[in-house]
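Take a look at the structure below.
Values in this text are rule-based calculations from the coordinates and carry no lab data. Quick caveat: nothing in here was measured; it's all calculated off a predicted structure. Here the Cβ is made from the backbone with ideal geometry for all residues, glycine too, and neighbour counts use every protein chain on show.
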Amino acid sequence: MSLPTDPAHPAHEDPPPFLGTWSRVYAAVGVYLALLILLFALFRGVFEQ
Amino acid sequence: MTTLDWIVLVLTLGGIIIYGLYKSRNATTVENYLRAGRQMPWYAMALSIMATQASAITFISTTGQGYVDGMRFVQFYFGLPIAMILLSATAVPIFHRANVYTAYEYLEQRFDGKTRSLVSLLFLVSRGLGVGVALSAPAIVLAIIFGWSDAVTSIVVGTVVVAYTAIGGVQAVTWTDFQQMLIMFAGIVFAFFLVVWLMPADVSLFDALTLAGAAGRLNAVTTTVDWNDRYNLWSGLLGGMFLALAYFGTDQSQVQRYLQGKNVTHSRISLLFNGVVKIPFQFIILLVGALVFIFFTFEKPPLLFQPVAMQAIESAAVEQRYAPIRDRYDQAHASREQAARALLDAQRAGDDAGQSTARERYQQAVGEVMAVRRDASALAAEATGDANSVNDTNYIFLHFVTRYMPAGIVGLLMAAILAAAMSTISAEVNSLATVTVIDVYRRIKTNGSDNHYLWASRFFTLFWGAYAVVIAQYATNMGALIEVVNRLGSLFYGGMLGVFVLAFYMRGIGSNAAFWGVILGEAAIFCCYFFTGISFLWYNVIGCLVVVGSAWLLRGLDRKPALPV
């Protein structure tokens, strides 16, 4: 038995509007987070020295 | 506030509400009223998600936190993008496929009615308390700005919010949230440029950041491993991720935002947008607080920013003890300004040794000012007879805005603060009404027409709005209640997150195991609350793990095979 679905709003996996696949989008968000943390650490380092 | 400020405030908020009501003019069916006909574009949902999370007190006290404690609070949001990725990959397609109005409706499809009822009840209890505080918190502060009593402020704000929420439903909430979030963005950007502009002519932005760094106010990343330290890189990534998973994945006030999406893609992008924009947004708010701290290095601020606390220490009853504190403060402030200028002069001259000495002097002077402020707070607490009444952090930004910002901008920033309050309250009232109708009322009265449930939704919106106003009256008189309710909220998130982890990821777990898992998870959290000193931030992790572990151990309770995820 599967869960009911709404035919007017199918839940199939549309590709994202950029980067081709959702895995790439998620990876991009992860890389962005890492860069942001690095940037904040640099920001602190520059002005706290 | 000047007449121009009032005009800006009323036109901004009035325009937003009229726009929201115009966009919700087709809210004549339950589908449109509670789910926007599942036609909402991603950008409206994205800003609505952010606006719902940003309350007035967050807006006000986060800048104050930047002033008092620096920028380390930003780390609390480091887990948010990870949570957004996990929810986009799992919860969003599952909720869309299940075609539900509420997150808890899905639990009946996946488990059974009693699990749905239990989790709906947990939500109604925790969010019901939270909405009263969400209404009372800005009232406490705004009463000082407008000169109205706490009660009048919460009644006025509550009535306006409930009116447009009851009329336009989720569409009015989302489109007003959208505009309100834009006002918040504009407000904080204006505040940033104005605080830089208001610095003395010989202090550049680079100088201000140098001083803020030397004063320890730019501590945006701290890598120390300390379980007692609430805000560091590790607690942000782990604790912040669990909290965001619980809040955005199981709390109907957030789930309802992205359930309106045209399709999975729109809902996913709205969540990921929040994950990408939220951290820089919080960073700028905290940076404004840190820069206000530097502004008040060159412009003498009051000893305490909270007017009531300041009046208390200036009163005749403690006058003799106040006088030496005031003298110490005058001296400490002058020393801090002198040390700051000496540090900047040494830096401009390229004098390394002089910089090092001046930096040390400046840090000592900063420490002395903070010590005097602590003594003044203690005296104010003694004078008022209530330690919780002195919460100076929430008043710093308001003091700065109302005393130093130009006419018109004050009105815009007040509109931003009120918009933050309204966006949170409207989403919470809307979600409480939705859960009451869909998860409770419609299961009792099963044969009603669509029009009947539409009017029931409006009625329960009014009911929860009135409830919020009543709770706010008590909350405004009990300063510590805000913290108490925050703790109470965290008592329920762990259990709610646990049952959704079971539903999404553990196909073999059936309804009885899930139900008893939630009960045991909640029991574990309450045991931690009553019998241990564990910080409430860890309750989400503990509760979730106990629900999952106990449900796995009890999986034999279900004879029938579990439904597929």
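How are the alpha carbon pair distances in the range B:175-272 distributed across 10 Å bins from zero to the largest one, expressed in percent?
12, 23, 28, 27, 9, 0
Using the 10 angstrom Cβ neighbour count as an exposure proxy, how do B:Ile155, B:Ile438 rank, fewest first? Please report the intermediate quantities before stating the final value.
On the way: B:Ile155 17, B:Ile438 23.
With the sparsest Cβ surroundings first, the list reads B:Ile155, B:Ile438.
Hey, how many Å between the Cα centroid of the range B:278-355 and the Cα centroid of the range B:1-57?
Going from one Cα centre to the other spans 38 Å.
Treating the beta-carbon of each Lys and Arg as +1 and of each Asp and Glu as -1, no other charges, what is the dipole magnitude of the range B:307-390 about its Cα centre, to the nearest 20 debye? Numbers along the way, then the final one.
Values: 10 positive and 13 negative charges, 27 e Å.
Around 140 debye, computed over the range B:307-390.
Which residues does the label zone of B:Tyr19 cover in the range B:176-219, counting backbone N under 13 Å from a point 7 Å along Cα→Cβ?
Correct set: B:176-187.
For B:Glu314 and B:Met370 in the same chain, what is the full-extension length gain: residue separation times 0.36 nm, less their Cα-Cα distance, in nm? Could the numbers behind the result be given before it?
Numbers: separation 56, 0.36 × 56 = 20.16 nm, distance 1.89 nm.
Computed gain between B:Glu314 and B:Met370 is 18.3 nm.
Report D for the range B:31-152 in µm² per second (integer): Stokes-Einstein, Kirkwood Rh on Cα pairs, 20 °C, 1.002 mPa s.
Details: Rh = 17.9 Å.
It diffuses with D of about 120 µm²/s by this estimate.
From the residues B:Leu107, B:Leu86, B:Cys528, which one has its Cα farthest along the dipole of the protein assembly as shown in the positive direction, the dipole being from +1 and -1 charges on Cβ of Lys/Arg and Asp/Glu about the Cα centre?
Of B:Leu107, B:Leu86, B:Cys528, it is B:Leu107.
Which value at 222 nm does chain B reach when only helices count, each DSSP H run of 4 or more adding -39,500 (n - 2.57), with the total divided by all residues and rounded to the nearest 500 deg cm²/dmol? Before the final figure, lay out each step's value.
Working: 22 runs with 430 residues, N = 565.
That comes out to -26000 deg cm²/dmol.
Compute, for chain B, the length of the dipole vector about the Cα centre, with Cβ point charges of +1 (Lys, Arg) and -1 (Asp, Glu) only. Units Debye, rounded to 20. Intermediate results must be reported in sequence, preceding the final value.
Working: 37 positive and 34 negative charges, 424 e Å.
Charge dipole, chain B, about its Cα centre: 2040 debye, nearest 20.
Tell me, B:Arg38, B:Arg25 in order of fewest to most beta-carbon neighbours within 10 Å?
Fewest-to-most ranking of B:Arg38, B:Arg25: B:Arg25, B:Arg38.
For the protein assembly as shown, taking Cα atoms only, what is the radius of gyration to one decimal and the Dmax to the nearest whole Å?
Expressed in Å, the Cα Rg and Dmax of the protein assembly as shown come to 25.2, 82.
Quick check on the exposure proxy: order B:Lys262, B:Lys445 from fewest to most C-beta atoms within 10 angstrom. Don't jump to the answer; show the numbers that get you there.
Working: B:Lys262 16, B:Lys445 12.
Result, fewest neighbours first: B:Lys445, B:Lys262.
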